[in-house]
Amino acid sequence: MFLYDEATKRQKAEEIFRKIAAKLYAECERNKGIIPYIPQNGRYEDMGAKSINWWTNGFWNGILWQMYAATKESLYFDMARETEERLDEALANEKMLDHDVGFMWLHASVADYRLTGDETAKGRALKAAEHLASRYRPGGKFILAWNNNDPGIMIIDCLMNLPLLFWAANETGKEEYKEIALGHLETAMRYVVRPDGSCNHIVLVDPETGEFRDNPAGQGYESGSAWSRGQAWAVYGFALAYRYTKDVRYLDKAKTVAHYFLANIALNDYVSLLDFRAPAEPVYLDTTACACAACGLLEIALFVPELEKALYEQSAIRIITAMDGKYCDYDTKTDGILQYGSARYDRASDREVPIIYGDYFYLEAILRLKDQYMEMW
Ligand code: GLY
């Protein structure tokens, strides 16, 4: 059996970090003032101008704060603050917000507050947490997803927003934030994760009674399929729930969904298909699922007993090695590092392209291997 030893692991992480850092610095110099999403013909455009409340608009901030924490380069600081301030336009308008305020303000403002102690940043993050809490439906015990008129819609992605509530509960002493996160986790364990470790993307429940209604198709292939990024959200989301609560049921759930993910990517050289239950042809990849899952696996590795660590850590390194070897563009003249990310199965323009959250999770995974990860969730 081949295992990466500590020295090789660090050397690999250092090498990759140097390539990432050179590219990110060049991206920052040519993309001042914009909020990137998917580059078009190798160039980022400003997603902030198109849609200031788009759910991915915090990830650039996450990249900038991670890079500032790791390097202390003022360019990253200045750009992070500028982007954070731009997001105020969305935060000021409740109608623009949905469940993804965690993705946005954990990266924009909780990160700022953790690094700098800035009170304005803290205020922004608490406002976002208040919005997230307001979406909780106590009868059904779930946080309402999107603003699409179905009163009982919950999605797997929202597990990644829960750290905003755990953080806010710790900051304010308001236990109800934690209770809301715990309620949502219980319902997700019941309806979102299937007994075989695969996951639904979307579940509809009765908002009053919490009774299961349906599991319609989401961003994967079809209802009942296994959308890989959703699977990755579950790996990382349950691991983070364990970090905050130390309830071992969440760690067990993270491990269960991780095992399903790992069994599937082992069939494809550690690179994830967009959906693990889609027809064999056409083949669509989603590297963002791999990057996110790698971070989740490294999070799990922090908490399992010594003899279990290798499965999670070594698998994460294999994923990273696969991405570095075949799926990254380190050319400093183009925008976007991790290639072959896919936002959803049914939209060709958003398949197998670089996507900003792929780059964020790839950077986070490398920083974790270097012991330079700044807590973001
Ligand atoms: N949170 C939406 C997505 O994963 O695409």
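The values are calculated or read from the model by the stated rules, or taken from the named source; none is laboratory data. In this text the structure is predicted, and so the values were computed from the model without any measurement. Positions of Cβ are backbone-derived with ideal geometry, glycine not excepted, and every protein chain shown enters the neighbour counts.
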Only unsatisfied item for ARG190, checking (1) away from the ligand (no atom under 15 Å from the Cβ); (2) within 23 Å of LEU91 (Cβ to Cβ), is (2)
### Query
Does GLU14 satisfy the criteria of being within 16 Å of LEU338 (Cβ to Cβ), acidic (Asp, Glu) and either modelled with pLDDT under 95 or outside any loop (DSSP other than H, G, I, E, B) (or both)?
no
By residue number, the members of region 90-107 that are farther than 16 Å from LEU240 by Cβ, acidic (Asp, Glu) and within 15 Å of the ligand (Cβ to nearest atom) are ASP98
Restricting region 179-218 to residues that are outside any loop (DSSP other than H, G, I, E, B) and touching a Gly at 6+ places or on another chain (Cβ under 7 Å), the one surrounded by the most Cβ atoms within 10 Å (Cβ to Cβ) turns out to be CYS199
- Message: When you check ILE63 against the structure, is it in contact (Cβ under 8 Å) with a residue 40 or more places away in the chain and within 20 Å of the chain's Cα centre (by Cα), yes or no?
- Response: yes
Checked region 317-331 for anything under 20 Å from ILE355 (Cβ atoms) and surrounded by 16 or more Cβ atoms within 10 Å (Cβ to Cβ); matches are ILE319, ILE320, ALA322, MET323, ASP324, TYR327, CYS328, ASP329
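Under 22 Å from the mean Cα position of the chain (by Cα), in a loop (DSSP other than H, G, I, E, B) and closer than 25 Å to GLN11 by Cβ: does that describe TYR312?
no
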request  = Report whether or not ALA278 is buried (at least 23 other Cβ atoms within 10 Å of the Cβ) and either at pLDDT below 95 or more than 13 Å from the ligand (Cβ to nearest atom) (or both).
outcome  = no
The condition of being closer than 21 Å to GLU375 by Cα, modelled with pLDDT of 95 or more and more than 20 Å from the chain's Cα centre (by Cα) holds, among MET96, MET104, MET79, only for MET79
For this session: Report yes if ILE52 is touching a strand residue (DSSP E or B) at 6+ places or on another chain (Cβ under 7 Å) and either among the hydrophobic types (A, V, I, L, M, F, W, C) or part of a loop (DSSP other than H, G, I, E, B) (or both), otherwise no.
Result: no
Within region 143-166, of all residues that are closer than 22 Å to PHE212 by Cβ and away from the ligand (no atom under 16 Å from the Cβ), the one surrounded by the fewest Cβ atoms within 10 Å (Cβ to Cβ) is ASN149
In the set ALA169, ALA108, ALA121, ALA128, the lone residue that is touching a residue at least 40 places away in the same chain (Cβ under 8 Å) and surrounded by 20 or more Cβ atoms within 10 Å (Cβ to Cβ) is ALA108
Given (1) away from the ligand (no atom under 15 Å from the Cβ); (2) touching a strand residue (DSSP E or B) at 6+ places or on another chain (Cβ under 8 Å), ARG243 misses just (2)
Checklist entry - Scanning for something in a helix (DSSP H, G or I) and closer than 24 Å to HIS184 by Cβ, does region 261-270 turn up at least one residue? => result yes
Output for Cβ contacts, cut-off 8 Å, separation at least six or different chains, first residue within 20 Å of ALA291 (Cα to Cα) and without any contact (Cβ under 8 Å) to a residue 60 or more places away in the chain in region 1-27, second of a type in the set (Val, Ile, Thr) and surrounded by fewer than 18 Cβ atoms within 10 Å (Cβ to Cβ), reads ALA21/THR71
Among (1) part of a helix (DSSP H, G or I); (2) out of contact with any Phe, Trp or Tyr (no Cβ under 8 Å at 6 or more places or on another chain); (3) away from the ligand (no atom under 16 Å from the Cβ), TYR373 falls short only on (1)
